[in-house]
Amino acid sequence: MAEVLIVYATDHKGTLKMAEKVAAGVESIEGCKAILITAEEATSDDIMAADALVLGSPVHMASMDWRMKKFIDEQCSGLWMGDKVAGKVGGVFACGSGFGNAGGGCELTMLAMLNNLAELGMVMVPLPKDSPGYAKGGLQWGPYGRAHNEDISPIKGGLPEERSEACIQHGKNIARVAQALKGKTIFG
């Protein structure tokens, strides 16, 4: 069974809802299991036990949440030093707010997290533009959501349903790649 670890931080439950939709996509693929855990609780052992790592963060000042950065610094750096996760599968998603249609900073947040996955030597799964839901909630790096309207008023329920489809598809894509690469040595 391919296990996909989804590590997330959340403020207004938008990123949590996205994580749950990514997990639903993972679990819709036969032989795949999603494990959701907060950035504060996730450990390097969790990463080592998984076949894929997906990072999800709210946007804070056009970058990732401090809890996600702390997770990367404290739990991933030792794995990087020992080349422990090179060849595992990685992906990202982000939930923004504020001004701008993508939630002011989602793309930069995803790029920052992808940079860390690249540092770890992971095989990154993007979100192709022909993916279901891409037009309403996708960037080439992964799905994005919004916890607030463009005038910064809260969105009732924290995440519009039309943004869910891209999250589900991203979970499916990551699960398929993790399943295909499980047990294979692709680097070194």
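The values are calculated or read from the model by the stated rules, or taken from the named source; none is laboratory data. Values in this document were obtained by computation on a predicted structure and should not be read as measured data. FYI the Cβ positions are ideal-geometry reconstructions off the backbone, even for glycines, and counts take in every protein chain you see.
Hey, which of the helices (runs of 4 or more DSSP H) in region 95-181, taking only ones fully inside, have at least 3 residues that are charged (D, E, K, R)?
164-181
Quick check: anything in region 43-55 more than 25 Å from Ile168 (Cα to Cα), surrounded by fewer than 23 Cβ atoms within 10 Å (Cβ to Cβ) and in contact with a Gly (Cβ under 7 Å, 6 or more places away or on another chain)?
There is at least one residue in region 43-55 that is more than 25 Å from Ile168 (Cα to Cα), surrounded by fewer than 23 Cβ atoms within 10 Å (Cβ to Cβ) and in contact with a Gly (Cβ under 7 Å, 6 or more places away or on another chain).
The rows are residues; the columns are (1) touching a helix residue (DSSP H, G or I) at 6+ places or on another chain (Cβ under 6 Å); (2) buried (at least 16 other Cβ atoms within 10 Å of the Cβ); (3) at pLDDT 95 or above; (4) assigned to a loop (DSSP other than H, G, I, E, B).
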| residue | (1), (2), (3), (4) |
| --- | --- |
| Thr10 | yes, yes, no, yes |
| Ile29 | yes, yes, yes, yes |
| Lys69 | no, yes, yes, no |
| Glu74 | no, no, yes, no |
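Only residues that are touching a residue at least 60 places away in the same chain (Cβ under 8 Å) and either touching a helix residue (DSSP H, G or I) at 6+ places or on another chain (Cβ under 7 Å) or among the charged types (D, E, K, R) (or both): list them for region 91-119, please.
Of everything in region 91-119, those that are touching a residue at least 60 places away in the same chain (Cβ under 8 Å) and either touching a helix residue (DSSP H, G or I) at 6+ places or on another chain (Cβ under 7 Å) or among the charged types (D, E, K, R) (or both) turn out to be Gly91, Phe93, Ala94, Cys95, Asn116.
Residues of region 115-136 being at pLDDT 90 or above and touching a Pro at 6+ places or on another chain (Cβ under 9 Å), which ones?
Leu127, Ser131, Gly133, Tyr134 - these are the residues of region 115-136 that are at pLDDT 90 or above and touching a Pro at 6+ places or on another chain (Cβ under 9 Å).
Go through (1) of a type in the set (D, E, K, R); (2) within 16 Å of His170 (Cα to Cα); (3) under 15 Å from the mean Cα position of the chain (by Cα) and name the single condition Lys136 misses.
Exception for Lys136: condition (3).
Of a type in the set (A, V, I, L, M), over 24 Å from Leu181 (Cβ atoms) and in contact with a helix residue (DSSP H, G or I) (Cβ under 7 Å, 6 or more places away or on another chain), is that true of Ala62?
Yes, satisfied.
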